[in-house]
1. If I filter segment 65-74 for residues that are in a helix (DSSP H, G or I) and either acidic (Asp, Glu) or closer than 26 Å to GLU368 by Cα (or both), do I get at least one hit?
2. For LYS9, are the conditions met, namely being of a type outside the set (Gly, Ala, Ser), touching a Ser or Thr at 6+ places or on another chain (Cβ under 7 Å), open to solvent by 10 Å² or more (accessible area, probe 1.4 Å) and not in a helix (DSSP H, G or I)?
3. Tally time: how many residues in segment 122-168 are among the small types (Gly, Ala, Ser), in contact with a strand residue (DSSP E or B) (Cβ under 8 Å, 6 or more places away or on another chain) and in contact (Cβ under 8 Å) with a residue 60 or more places away in the chain?
4. From the list GLU265, GLU216, exactly one residue is at pLDDT 95 or above and either open to solvent by 10 Å² or more (accessible area, probe 1.4 Å) or in contact with a strand residue (DSSP E or B) (Cβ under 8 Å, 6 or more places away or on another chain) (or both). Which is it?
5. Return the total of residues in segment 22-45 being farther than 20 Å from GLY409 by Cα, in a helix (DSSP H, G or I) and touching a strand residue (DSSP E or B) at 6+ places or on another chain (Cβ under 8 Å).
6. Only one of these conditions is not met by PHE201: (1) open to solvent by 10 Å² or more (accessible area, probe 1.4 Å); (2) more than 23 Å from LEU49 (Cβ to Cβ). Which number is it?
7. Residues in segment 322-337 that are part of a helix (DSSP H, G or I) and either free of Cβ contacts under 8 Å to residues at least 40 places away in the same chain or in contact with a strand residue (DSSP E or B) (Cβ under 7 Å, 6 or more places away or on another chain) (or both): how many?
8. Step by step: first the residues of segment 185-198, then only those that are open to solvent by 10 Å² or more (accessible area, probe 1.4 Å) and either farther than 26 Å from GLN235 by Cβ or without any contact (Cβ under 8 Å) to a residue 60 or more places away in the chain (or both), then the one that is nearest to the chain's Cα centre (by Cα). Which residue is that?
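The values are calculated or read from the model by the stated rules, or taken from the named source; none is laboratory data. No experiment lies behind these values; they were computed from the predicted model shown. Glycine also receives a Cβ, built like all others from the backbone with ideal geometry; neighbour counts cover every protein chain displayed. These accessible areas exclude ligands, DNA and RNA; they are computed on the full protein's heavy atoms, side chains included. Shrake-Rupley method; radii C 1.70, N 1.55, O 1.52, S 1.80 Å.
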Amino acid sequence: MAIVTTPKKACAVNPLKMSQPIGGALAFMGLRGAMPLLHGSQGCTSFGLTLFVRHFKEAVPLQTTAMSEVAIVLGGYENVEQAILNIYNRTKPEIIGICSTGVTETNGDDVDAYIKLIREQHPQLAKFPLVFVSTPDFKDAFQNGWEKTVARIVEVLVEAPALEAERDPARVNVLPGCHLTPGDLDELRTILEDFGLKPSFLPDLAGSLDGHIPDEFTPTTIGGIGVDEVASMGQSSWTIAIGAQMRRAAEAMQAKTGVPFRLFERLCGLIPNDEFIAFLSEISGRPVPAKYRRQRGQLADAMLDAHFHIGGRKLAIGAEPDLLFDLSSMLHELGAQVTAAVTTTQSPVLERIGTKEVLIGDLEDLEELARTRDCDLLITHSHGRQAAARLKIPFYRAGFPMFDRIGAGHQLSVGYRGTRDAIFSIANLVIADRDENHQPTPDSWRASTPLRPGGRSFIDATERSIA
């Protein structure tokens with residue numbers, strides 16, 4: 001069992017974690033026609049917007065209440081009111097999701113009371129979906145913001161079904177964690193539909209940030225799950241939560257609608273996917289399609305091929321808790337040694353990571369651990385690229401943000417096929433590094449050739465004889 005520790009540094013020198021507000025804003029982007037609104041200064045929103053645009057390479061809707069120094073002192077009601085009215089009148093959204101920031105939380109703005117007063121003063125907003133989530137950026141991390149926002153969406157928007165209402169046995173709710181990409185959601189949707197199930201994803205980034213080009217420009221999100229579909233999620237037969245962070249939302253769904261849930265803490269690896277596929281077969285009443293039996297065989301073969309290259313390697317991983325647990329567990333099963341593990345926030349899964357210690361810290365801590373423990377591979381988001389260069393070890397990008405490569409939204413790691421692809425990518429990095437840095441060259445061959453009697457190497461003797 002891993003020991004979870006927290007360093008006593010006064011500051012984060014090279015930050016690993018992203019903030020709660022942008023985690024919450026990203027969750028709102030999984031709803032159709034949504035406009036996320038950060039209640040704070042313009043700088044807070046600009047920073048998050050820059051990260052989103054660089055990661056997804058797409059136009060990202062994100063607005064701000066533009067709090068100034070004076071507004072912070074006097075209170076933010078007028079800024080919230082004006083922002084909501086401007087968004088409602090100009091962009092015609094289906095929902096506005098509001099996330100607080102550190103400055104407004106410190107000031108103590110009661111945004112729930114603001115929303116109540118705004119509804120009273122503006123009748124057109126009386127039934128318009130306005131969802132507020134408390135996400136101060138001076139505590140917790142990106143994963144916490146996502147977790148709180150999805151749970152809050154369930155509490156506010158999902159309607160409790162009537163007592164006599166019948167549930168749809170084919171319909172299932174899927175609550176994906178923030179560590180899953182739009183590509184992962186597409187893969188999960190295909191798997192569920194192959195079992196005859198009708199999934200509703202909350203949030204559904206595969207519909208809004210999967211990189212497709214819409215026929216017409218819209219200032220809000222261009223896809224995702226609709227507010228009406230969210231409201232009807234209580235009619236489903238099951239809720240599938242993916243990642244420990246989604247337990248809170250799944251429990252909120254069960255408490256409000258009575259829909260039972262099954263939590264899958266990870267879907268990267270052979271055994272977790274066996275359990276997932278068996279569960280889908282059970283709730284659908286259908287046998288496992290032949291394509292997934294074949295994909296399982298391909299994954300088993302990939303694990304056999306890759307363990308020759310990954311087994312015994314020392315790894316350094318820095319990621320949000322669920323992503324850290326997911327990747328490190330899969331690599332541990334291939335024989336890798338996770339000797340340096342750094343994460344951003346507390347989680348119940350951290351103690352079960354296959355390493356001696358998990359540090360809640362930053363990239364400086366990760367780099368120091370990787371150096372002192374002679375790691376062979378670094379895994380984290382794009383901000384770790386300089387550390388990998390200094391350590392002179394291969395670098396596998398995972399998590400958010402990933403801004404120095406394209407296709408981040410389509411990176412796949414779930415299911416048999418996604419696990420197979422992730423294994424191949426990591427193993428090929430290790431192979432490429434070995435070929436580049438450890439292959440013998442004519443010079444190294446000359447230096448390492450055993451000496452003949454008299455002190456001259458065989459190649460020297462050959463050259464002399466030719467001369």
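1. So in segment 65-74, the residues in a helix (DSSP H, G or I) come out as 69-74.
In the following step, the residues that additionally are either acidic (Asp, Glu) or closer than 26 Å to GLU368 by Cα (or both) were identified as 69.
Yes, there is a match, as at least one residue in segment 65-74 is in a helix (DSSP H, G or I) and either acidic (Asp, Glu) or closer than 26 Å to GLU368 by Cα (or both).
2. Working: of a type outside the set (Gly, Ala, Ser): yes; touching a Ser or Thr at 6+ places or on another chain (Cβ under 7 Å): no; open to solvent by 10 Å² or more (accessible area, probe 1.4 Å): yes; not in a helix (DSSP H, G or I): yes.
No, not satisfied.
3. Initially, segment 122-168 is screened for residues among the small types (Gly, Ala, Ser), giving 126, 134, 141, 145, 151, 160, 162, 165.
Next, only the ones that are in contact with a strand residue (DSSP E or B) (Cβ under 8 Å, 6 or more places away or on another chain) stay: 134, 145.
Subset that is in contact (Cβ under 8 Å) with a residue 60 or more places away in the chain: 145.
Total satisfying the criteria: 1.
4. Checking each option against the conditions leaves just GLU265.
5. Here the count works out to 3.
6. So PHE201 meets the others, but not (1).
7. As a first pass, look at segment 322-337 and keep what is part of a helix (DSSP H, G or I): 322-333.
Within this subset, residues satisfying the condition of being either free of Cβ contacts under 8 Å to residues at least 40 places away in the same chain or in contact with a strand residue (DSSP E or B) (Cβ under 7 Å, 6 or more places away or on another chain) (or both) are 324, 327-328, 331-332.
Residues meeting the conditions: 5.
8. Here the residue is ASP186.
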